[in-house]
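Bear in mind that the values in this text are calculations on the coordinates, not laboratory data. In this text, all values refer to a predicted model and were calculated from it rather than measured experimentally. Here the Cβ positions follow ideal geometry from the backbone for every residue, glycine too, while neighbour counts run over all protein chains shown.
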Amino acid sequence: MQHSYRLFNCRVNNTSTKAGFEFIIANKRCNPPFKNDKWYQPKKCSAIEYNSCVYQPTGWSRPYRFVVMRIPKENTAKPGKPQQCELFVADRYKYRIFCTSLKRKAHKVILEYDKRADVENLVGEAKREGLDAIPSARFKNNYAFFQIVMLGFNIWRYLKIMAHSVHDEKAESQDQILVK
């Protein structure tokens with residue numbers, strides 16, 4: 001199973017690279033060696049850290065760039081109870097690792113992946129907003145209805161994305177002001 005997974009990812013990466021496509025692929029099987037001194041936090045108020053490296057997994061034809069997000073695990077110990085400490089640093093974190101062809105900073109690559117990977121939630125959202133109900137038995141009426149609903153839904157999503165990006169820009173400029 002693991003061997004076929006590696007070969008599949010290798011084929012996908014090679015084919016994407018040859019075709020000139022950019023890609024971000026979630027990685028669950030290999031553990032690239034990330035350097036300890038390369039971890040960084042884009043937002044100083046967040047405990048989440050990012051890193052990247054170039055690594056060639058066993059069986060792959062060439063090395064690829066891997067990016068990682070390291071999230072501290074929650075302390076689940078109850079107050080006043082004995083607690084088992086983690087022996088290794090890696091055990092204190094949850095890791096999300098991706099293989100990518102993008103040259104951007106690791107946190108921006110993962111943010112882009114998260115935006116694209118949210119499709120299932122968007123489909124569910126669209127169903128809740130009215131796309132699940134068919135109002136008529138006539139095709140042309142349904143076609144017009146769905147066009148109007150999709151237009152409204154797309155405008156709503158676009159405004160939501162614009163508001164989010166404006167919020168991120170303001171937060172980033174605040175971080176730059178605080179650093180200076």
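The table below gives the values:
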{"item": "Charge tally in the Cβ shell below 12 Å around GLU22, where Lys, Arg are +1 and Asp, Glu are -1, GLU22 excluded", "result": "+3"}
{"item": "Fewest-first sequence of GLU49, GLU74, GLU22 by Cβ atoms within 10 Å of each Cβ", "result": "GLU74, GLU22, GLU49"}
{"item": "At R0 = 35 Å, FRET efficiency that the Cβ-Cβ distance of VAL149 and ASP37 yields, to 0.05", "result": "0.10"}
{"item": "For ILE24, distant residues with modelled amide H under 5 Å away", "result": "none"}
{"item": "For TYR113, TYR158, TYR95, TYR64, order by how many other beta-carbon atoms lie within 10 Å, fewest first", "result": "TYR158, TYR95, TYR113, TYR64"}
{"item": "Computed lengthening from ALA26 to GLU74, 0.36 nm per intervening residue step minus Cα-Cα distance", "result": "15.0 nm"}
{"item": "Fewest-first ranking of VAL12, VAL123, using other Cβ atoms within 10 Å as the exposure measure", "result": "VAL123, VAL12"}
